[in-house]
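The values are calculated or read from the model by the stated rules, or taken from the named source; none is laboratory data. From a predicted model like this one, the values you see are computed outputs, not experimental measurements. With ideal geometry, Cβ positions are generated from the backbone for all residues, glycine too; neighbour counts draw on all protein chains shown. Protein only, heavy atoms only, side chains kept; ligands, DNA and RNA dropped before computing areas. Shrake-Rupley method; radii C 1.70, N 1.55, O 1.52, S 1.80 Å.
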Amino acid sequence: MSFKITNDPETDYRAFVRAAYDRCAMDYANQRSPAAGVELNLIEERLAPGSRVLDVGCGAGIPVSRQLADKFKVTGVDISSSMIGMARKNVPSARFIRTDVLETGFPAAGFDAIVSYYAIFHIPRQEHRELFRRFARWLRPGGLLLFTVAPNDDGPGYTEDDFFGETMYWSNFGPGTYRKILTETGFEVKREGFAVAGLADVEGQTEVHPFFFAVRNELS
């Protein structure tokens, strides 16, 4: 596989990602681990049964939405219609919406927690501050946020030419920048660590991604 730096202002990279996942959804979903990582306990152990959870970039609903839906009222959103179709079958007790998270709206303070696994780095990083502003608006004061980021540091957007047979787009900041963004958008970071992605790379090594666990400030 090869990687190519890209920053074309004429390209709609979110549409680019949607089309790629629509085509590779089944292959990708079949390679995901059926079990969520232990970091999801940071959400589960702090919420009352029936709490409202938003899963951003929910994919096919496995494992995160499925595990959360056993205890909570889960809404999953994903940009890929193929992924949403599978999620509705995999987790019939949850609500799933095919939408672009930066082009949709939810009621203020409408959720007790938001989770986002392996999704934010597909959004152009210049839009990440707005994304976290939205998260803060959608969470109640004291609401919980758990999300993963890419394992590399600040860098320009790039494409990978063989992501389950498709060309995929990635864009991210490093952990230090995310700490700053979280503070600026009304969050307090409570925990950082590494989440196991549940995918094996070409050398058979387990892929891991940094995660952040944060709480929306009560006065934000």
- Taking only protein heavy atoms and a 1.4 Å probe, what accessible area per residue, in Å², does the chain have with all protein chains in place? 47 Å²
- Query: Cα centroids of region 111-170 and region 46-100: how far apart, whole angstrom?
  - Reply: 16 Å
- Item | Cα gyration tensor category, rounded, prolate or oblate, for region 72-181 with a/c compared to 1.5 | oblate
- Task: Report, in debye and to the nearest 20, how large the dipole of region 96-220 comes out about its Cα centre when Lys and Arg carry +1 and Asp and Glu carry -1 on their Cβ.
- Result: 840 debye
- Message: At R0 = 41 Å, how high is the FRET efficiency between Ala35 and Ile5 if r is their beta carbon distance? Nearest 0.05 is fine.
- Response: 0.75
- Query: Using helices alone, what [θ] at 222 nm do you get for the chain, with -39,500 (n - 2.57) per DSSP H run of 4 or more residues, divided over all residues and rounded to the nearest 500?
  - Reply: -8000 deg cm²/dmol
- Query: Got a sec? What order do Ile120, Ile62 fall in by accessible area at 1.4 Å, biggest, i.e. largest, first?
  - Reply: Ile62, Ile120
- Query: If you take the beta carbon distance between Ala19 and Arg191 as r and set R0 to 30 Å, what does 1/(1 + (r/R0)^6) give as a FRET efficiency, to the nearest 0.05?
  - Reply: 0.30
- Count the lysine pairs in the chain whose Cα atoms sit under 24 Å apart, keeping only pairs 8 or more residues apart in sequence or on different chains. 5
- Message: Skipping prolines and chain starts, which residues have an amide H placed within reach, meaning under 5 Å, of the one on Ile114, given they are 5 or more residues away or on another chain?
- Response: Leu54, Leu144, Leu145, Leu146
- Mind running the shape call on region 1-58? Use the C-alpha gyration tensor, a ≥ b ≥ c as the square roots of the eigenvalues: rounded below 1.5 for a/c, prolate if a/b tops b/c, oblate otherwise. prolate
- How much of the accessible area of region 2-150, in percent, comes from carbon and sulfur atoms when a 1.4 Å probe is used? 49 percent
- Item | Beta bridges by DSSP in the chain, antiparallel share as percent, to the nearest 5 | 60 percent
- Item | Segment Asp154-Arg179, length gained on full extension (0.36 nm per residue, minus Cα span) | 7.7 nm
- Note on the structure: Labelled set (1) 1.13; (2) 1.05; (3) 0.95; Cα Rg over 2.2 N^0.38 Å computed from this model equals the value at (3)
